[in-house]
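To start, the structure itself, in structure tokens.
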Amino acid sequence: MKIIPVLLIMSMITCTTMAALHFINQAFFSDQPAEEKKIVNTPSPSAESEEVQQDGVRLKETKDAGRSYQDETLYLGDSNTVRFMNSEDEDGETFTNEKNTIAVVGMGAGAIDSLECEQLSTGTFTMVEAVSYLQPKRILVTFGTNNLGGTSTDAEAFISTYSSQLEELHESYPYADLIVNSIPPIAPYSIYTKVHIEQIAAWNEAIEKMCEEHKWKYLNSYEALIDQTSGYAKQGYMDTDGLHFSQEGMKVLFHYYRTHAWTHEETRPMPLQEIPEIIGPLTTLYKTNPLNNQTFTQDVLKPTFTPSSEETIPASTPVPTPVPSPSEPVGTTSSPETETAAPEASAPASEGSSSEQ
């Protein structure tokens, strides 16, 4: 008689076990229809943000890419870029150095493939030639200021020159990411009467369109420097000549560089070819300033910055008029699109009293 209760208990245990096994099999091992299965490996928000950035031409805001991003970039430009090598950030380091900067005072966009300005142990080379030896991860190009002149918003000739030069630069070392920076704004009061903010704004729009056509990245640093109320550079961001960056302006500029970063998987062939010893750029190849036809001075190389609280307005400078929209016709004055000053490599700029670009 005692056998029956034992059999009943064993039967209940067996049924319970079988039911549990069936549940586990249905939950984990059954073939569900494809539409009911959940996708587990969805991209993270950071990955989605990266995809959005890759799709656009204008670089969007990112997290701070850090000093390493800043240091592994090659900077090409004119005297405002020369200043990067001679000005210190909040940590007491220069923004760039002779190893990652090629810049010439007074240089315009038309000289990228013709002006021999970078000294290596193997010779002196143009920017186009130098990048193939330096093999940079990315190149940040800032030109246009020395091509300005007048109030015409027609940038066709300038863009034709600039784009052809950048194409040569890209072809010289296509593995480097090419980033084209906007032309910086001027202050409301500038000693350079040929340079007008409405022309800068219009030409920057044309530069961005050029980047869209060629699939180059566009860095709109102009937006970080401009005062939306006045239409000019924010107070304290430009030096007293109204054209060159102040130290504060450069801090803002490099913060923008690093928080609008262009980073992705390495594409350069590895290992890199042996890089010649870098001596540095010849920064004073021009004697004559294309923006005022006056002799250049040396103070742009080692500028003395005026704190923003002490910013003064030259007495001879007229009060600026409201800035028209870039889409409005503002004049027909022609603008220089080619180099107006002949390079004189054997004769550095002479001393004087005016600032220069």
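What about SER152, is it open to solvent by 10 Å² or more (accessible area, probe 1.4 Å), farther than 23 Å from PHE296 by Cβ and part of a helix (DSSP H, G or I)? Spelling it out, it is not the case that SER152 is open to solvent by 10 Å² or more (accessible area, probe 1.4 Å), farther than 23 Å from PHE296 by Cβ and part of a helix (DSSP H, G or I). Only a single criterion out of (1) outside any helix (DSSP H, G or I); (2) surrounded by fewer than 23 Cβ atoms within 10 Å (Cβ to Cβ) is not satisfied by MET107, namely (2). In the stretch 116-147, the qualifying residues are those that are open to solvent by less than 10 Å² (accessible area, probe 1.4 Å) and over 20 Å from the mean Cα position of the chain (by Cα), and the one that is farthest from ILE191 (Cα to Cα) is LEU120. Scan the stretch 155-186 for residues that are touching a residue at least 12 places away in the same chain (Cβ under 8 Å) and outside any helix (DSSP H, G or I) and the total you get is 14.
Rundown of residues vs (1) modelled with pLDDT of 95 or more; (2) closer than 17 Å to LEU253 by Cβ; (3) of a type in the set (Ser, Thr, Tyr); (4) open to solvent by less than 10 Å² (accessible area, probe 1.4 Å), yes/no style:
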site: SER163; (1), (2), (3), (4): yes, no, yes, no
site: ILE179; (1), (2), (3), (4): yes, yes, no, yes
site: PRO184; (1), (2), (3), (4): yes, yes, no, no
site: THR193; (1), (2), (3), (4): no, no, yes, no
site: GLU208; (1), (2), (3), (4): yes, no, no, no
site: HIS214; (1), (2), (3), (4): yes, no, no, no
site: LEU225; (1), (2), (3), (4): yes, yes, no, yes
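Evaluation of ALA233 against the conditions (1) in contact (Cβ under 8 Å) with a residue 40 or more places away in the chain; (2) surrounded by fewer than 21 Cβ atoms within 10 Å (Cβ to Cβ) shows that the sole unmet condition is (2).
Regarding ALA157, is this residue crowded, with 18+ Cβ neighbours inside 10 Å, out of contact with any Cys (no Cβ under 7 Å at 6 or more places or on another chain) and more than 24 Å from PRO276 (Cβ to Cβ)? When the stated conditions are applied, ALA157 does not pass them.
Among the residues of the stretch 242-264, those that are assigned to a helix (DSSP H, G or I) and either open to solvent by 50 Å² or more (accessible area, probe 1.4 Å) or under 27 Å from TYR175 (Cβ atoms) (or both) comprise GLN247, GLU248, LYS251, LEU253, PHE254, HIS255, TYR256, TYR257, ARG258.
Within the stretch 265-303, the set of residues being part of a strand (DSSP E or B) and closer than 26 Å to VAL131 by Cα comprises ILE278, ILE279, GLY280, PRO281, TYR286.
The values are calculated or read from the model by the stated rules, or taken from the named source; none is laboratory data. Since the structure is predicted, the reported quantities are computational estimates derived from the model, not experimental observations. Don't worry about glycine lacking a Cβ; one is built from the backbone with ideal geometry, like all the others, and counts go over all protein chains shown. Ligands, DNA and RNA are stripped out before the accessible areas are found, and what is left, the full protein with its side chains, is counted by its heavy atoms. Shrake-Rupley method; radii C 1.70, N 1.55, O 1.52, S 1.80 Å.
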